[in-house]
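To keep things clear, I will list the structure first and then write my remarks on it.
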Amino acid sequence: MRIRNYITAIMLLAATQTAHADVSFSMQAEAEAQNTPQGWKAVELPQGLPAFTAANTFDITDFGAATTSTDNTAAIQAALDAAHQAGGGMVIVPAGEWLFGRITIGSHTVLHLCAGATLKLLAYADQPDHTTKTPYITDKKGATDIVIEGESAETSVIEGQGGPWWDAVEAKESGLQRGSIIRFYQGERHLFRHFRLQNAPGTNLTLGQSGKGAHNTVHDVHIYAPASSASDPSHNTDGIPIWTQYCNIYNCTIDTGDDNVVTDSDAQYIHVWNCDFKAGHGASLGSYTKNMHHIIYENLTFDGTDCGFRLKSNTDRSGDVHDIIFRNCAMQNVATPIQITAWYDKVPDSPEEAAASPETKISTTPEYHNILIQNVTVTGYNTKKSNEKNYNGIMIYGRPESYVYDVTFDNVKISHRNGVRLFFCKDIKFINGCTFTKTFTNTTVEATASDLSEVMEHSYEAAYTWNKESTGIKSVTSGKPSSSDVYHSLNGHRTKNPSKGIYIHQGKKVIIK
């Protein structure tokens, strides 16, 4: 009997070596693609991974997984546990479709999806608990140095079967909770590469929690769910939400129903580059923005996203937000290209109303500053009207108790149906050839113009410089203004014959007495 068992073990070992001889593993490409901004600490890649041999490579089928099974969770978990008990290892998901539920991964483990492999979440109807937000793929407590990888974003897939979950959101199902498909909470040095996430019940790939789970690298990952504006939309299917420090995200395509990539509280030293954003809410920051700084979005393309660069929060969830860069990006048919708002979900009826009742500034009041928007082009949007407050080429909306300040637009060229709205902001600078075309009125403000008044939808308590012309408040104390000059009331109404009151004229607030 011992001889037979020994021979069987040798045959299984040989079969494993043969079946997976073409699965190779290297992180050399990641090391060469680090792209660390000057002055930042480099993102750390997984460390201490073992040399992968037949002894620590585990095929899920050896633990009972089958494409005919209605639930492979236990088999996949057994393979992951074997890798953990071996001090680290590689778990192989072969070609085929594998239904599964929630699994946890230990330190120094690689979960490898072969070409043609699909990990498919159990259907909504087959999950008995719809009120647990636990992620489907997560880390064992404190686990470090984990890799989830495929062989390409076209052939290695994680399918969420999210449709019934989105229907449950629309039906306002009581107690509904939707866990992220992938989320690692506490450990560090994680790598995600070469696979596709699609149709998530909720968020897709969430990095960290409360500042823990740092040092993540994500590249060549494609994320898809129906747009929030689709006839059968997905809901809150954020592509990559970030709640921690030191993350590199590059060469990804994200086409989803909420934020494409979003940084939230405790996100610091985040670098996102060379990505394509399609449907979604763009390159976002917030709405939770406590302890958030040093974030760079660059070399991105946006095609049909709802938003481009969007910083959003409110007085119960923010703080000092600074050192933000958005540069070298191109937007096509983006509804709201640039929006910076401290009024997330609570926009006042008018800035005058907000000014009449300023709040006391506290530690969670949004304070946005030191923001650079550089080398950005925007074209193609010609849909919703300017009186719909959220659809403007540029909108900055600070608070009377906390102005947005020190925002620089450097070589930014925007062509958009609607114009500009600036409220409660100062030290806003447009430099180095910025232009703005309001296509609805076919009005173009060139870099040589004196100000943005021709494309200003509405401004209030806003000071900016355009081609080195400063705006501010000046008083007209004598004489009647020329009838050939154009003035705007604080409600945005254009007039050439203003009566007594406060108006905007050539980008300045004017008091006519």
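The values are calculated or read from the model by the stated rules, or taken from the named source; none is laboratory data. Quick caveat, the model's predicted, so the values are computed rather than measured. FYI the Cβ positions are ideal-geometry reconstructions off the backbone, even for glycines, and counts take in every protein chain you see. With ligands, DNA and RNA removed, areas are computed over all heavy atoms of the protein, side chains included. Shrake-Rupley method; radii C 1.70, N 1.55, O 1.52, S 1.80 Å.
For the set 212/468; 278/468; 361/389; 141/361; 172/426; 140/361, the pairs lying more than 32 angstrom apart at their alpha carbons are 212/468; 278/468; 141/361; 172/426; 140/361. Expressed as a whole percentage, what fraction of the accessible surface of region 67-198 belongs to carbon and sulfur atoms when a 1.4 Å probe is rolled over the protein heavy atoms? Answer for region 67-198 is 49 percent, counting heavy atoms of protein chains only. Helix 73-85 versus the longest principal axis of the chain: what angle, 0 to 90°, nearest 10, using Cα atoms? Value to nearest ten degrees: 80. Ranking 86, 253, 125 by Cα position along the charge dipole of the chain, where only Lys, Arg, Asp and Glu carry charges on their C-beta atoms, puts 253 farthest toward the positive end. Other residues with beta-carbon under 12 Å from the beta-carbon of residue 96 carry, at +1 per Lys or Arg and -1 per Asp or Glu, a net charge of -1. What do you get for the angle between helix 2-19 and the principal long axis of the chain? Use alpha-carbon atoms, 0 to 90 degrees, nearest ten. Taking the Cα atoms of the chain, the angle to 2-19 is about 30 degrees.
State to the nearest 20 debye the size of the charge dipole of region 104-211 about its Cα centre, where the only charges are +1 on K and R beta carbons and -1 on D and E beta carbons.
In total the dipole reaches around 280 debye.
Taking every protein chain into account, the accessible area of the chain amounts to 41 square angstrom per residue (probe 1.4 Å). Rounded to the nearest 20, the size of the Cβ-charge dipole of region 341-399 about its Cα centre is 200 debye, with Lys and Arg at +1 and Asp and Glu at -1. In percent, rounded to a whole number, the relative contact order of the chain is 7, using alpha-carbon pairs under 8 Å and six or more apart. Net charge of the neighbourhood of residue 164, taken over other residues with C-beta under 15 Å away and scored Lys/Arg +1, Asp/Glu -1, is -4.
Can you tell me what percent of all Cα-Cα pairs in the chain are more than 37 Å apart? Roughly 36 percent, rounded to a whole number.
Show me the ranking of peptides 377-385, 135-143 by mean Cβ neighbours inside 10 Å, starting with the highest.
For the peptides 377-385, 135-143, the packing ranking is 135-143, 377-385.
Each of the peptides 206-214, 51-59 was scored by the mean count of other Cβ atoms within 10 Å over its residues; in descending order, highest first, they stand as 206-214, 51-59.
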